[in-house]
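Worksheet: the structure to be examined is printed underneath.
A short reminder: the numbers here are calculations on the coordinates, not readings from a lab. Remember, predicted model here, so these are calculated numbers, not experimental data. Neighbour counts are summed over all protein chains in view; Cβ atoms, including those assigned to glycine, are modelled from backbone coordinates with ideal geometry.
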Amino acid sequence: MAKLQVYDRAKVNSMFQEREHETKWGQSIQLIEDASRWQEELQSSMASYVILGLPEDIGIRGNFGKPGADKTFELAISSLLNIQQNKFQDAHKVLLLGHIDFSEEMKRSKTMNVEDLRALCAEIDHAVYPIVQSIIASGKKLIAIGGGHNNAYPLLKGSSLALGSTLNCINIDPHTDYRINEGRHSGNGFRFAKDDGYLHKYGIFGLHENYNAEHVLLEIEKDPSIQYITFEDISIRKRFPMELALNSMVIFLQKHPCGIELDMDSIIDYPSSAITSTGWNTTEARSILHQCSTLLSSVYLHITEGSLGLASEHERSAKAKYIAYLVSDFIKSSGN
């Protein structure tokens, strides 16, 4: 059964390299001292942000995507712990909680067919949302890293239950992830969240016109609580300047608690479940995240669908480092 693995000082020290005359995030970031009391310590912590890893790719494989998202958190957190503690950023405001251990589920999933993977994905939902609920109820912002976009559902559910209200959500993604309720997987998390009353307004930014089903597009176009802007309208036809397009989406989602979902499928040549050769470049994606974090009432950031298990040894360091940039951008931009 999946359960929370709380990180202690020995674990964290093994994940970064100390250097004389420098202070790294690994030396400054807050940790839970007693794993058996993590909820109490979370409540009393002065941190503003909590980092949680979601190392699984079961929902992705249940949606016929490429595996490897189970390796992303471990690589990304090591890179994050190695960045500098300096005047531009303060790791003291961040608590590294740990990761949810899906090792048993991952082992079981290796021989499963699609239907069984989807049933197992629903089990993952039940493991994730109570932990999310505890984090959000503590008054802190959550940074969830890794896993598939199936986790959008328990993130929205846990946050909504903690706040006692629905959430808005912006999804920076080539796909709607609003497929029909055909069993749980990475392609229908937002559909389940909407149907179950956890998601209020839903905005998809940078949708790719070639890879979304007509019936889904027609359905969401009839729903005033859902809006999308396509990547082609922004970057190919240039009907809307990037800033104007993003501002219109922000206006749609403002003044209500909001989740920010960044699907790594949206970034050019980033190893992911549905890697793309056209999309946002890495600097554009950082800028989009900065604007969302600055202007929206963010509750959480979810960096998802990155499959660093697919990257070569040569690529892994740079790709993990990019996630560290995204995390620090979010913390700098969201105002706490």
Residue list for segment 279-298, filter: crowded, with 20+ Cβ neighbours inside 10 Å and either in a loop (DSSP other than H, G, I, E, B) or among the β-branched types (V, I, T) (or both): G279, I288, L296
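Residue by residue, here is whether (1) surrounded by fewer than 19 Cβ atoms within 10 Å (Cβ to Cβ); (2) in contact (Cβ under 8 Å) with a residue 12 or more places away in the chain; (3) touching a Lys or Arg at 6+ places or on another chain (Cβ under 6 Å) holds:
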{"site": "S277", "(1), (2), (3)": "yes, no, no"}
{"site": "L308", "(1), (2), (3)": "no, yes, yes"}
{"site": "E313", "(1), (2), (3)": "yes, no, no"}
{"site": "A318", "(1), (2), (3)": "yes, no, no"}
{"site": "L326", "(1), (2), (3)": "no, yes, no"}
{"site": "S334", "(1), (2), (3)": "no, yes, no"}
Within segment 70-117, considering residues that are more than 22 Å from the chain's Cα centre (by Cα) and among the hydrophobic types (A, V, I, L, M, F, W, C), the one farthest from E20 (Cα to Cα): V114
Segment 225-275, subset among the aromatic types (F, W, Y) and within 23 Å of N151 (Cα to Cα), residue surrounded by the fewest Cβ atoms within 10 Å (Cβ to Cβ): Y228
Residue satisfying all of: in segment 228-261; of a type in the set (V, I, T) and in a helix (DSSP H, G or I); farthest from the chain's Cα centre (by Cα) among these: I236
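Residue-by-condition table, conditions (1) buried (at least 20 other Cβ atoms within 10 Å of the Cβ); (2) closer than 22 Å to K141 by Cα; (3) among the hydroxyl-bearing types (S, T, Y); (4) out of contact with any strand residue (DSSP E or B) (no Cβ under 9 Å at 6 or more places or on another chain):
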| site | (1), (2), (3), (4) |
| --- | --- |
| F73 | yes, yes, no, no |
| Q85 | no, yes, no, no |
| A91 | yes, yes, no, no |
| N113 | no, no, no, yes |
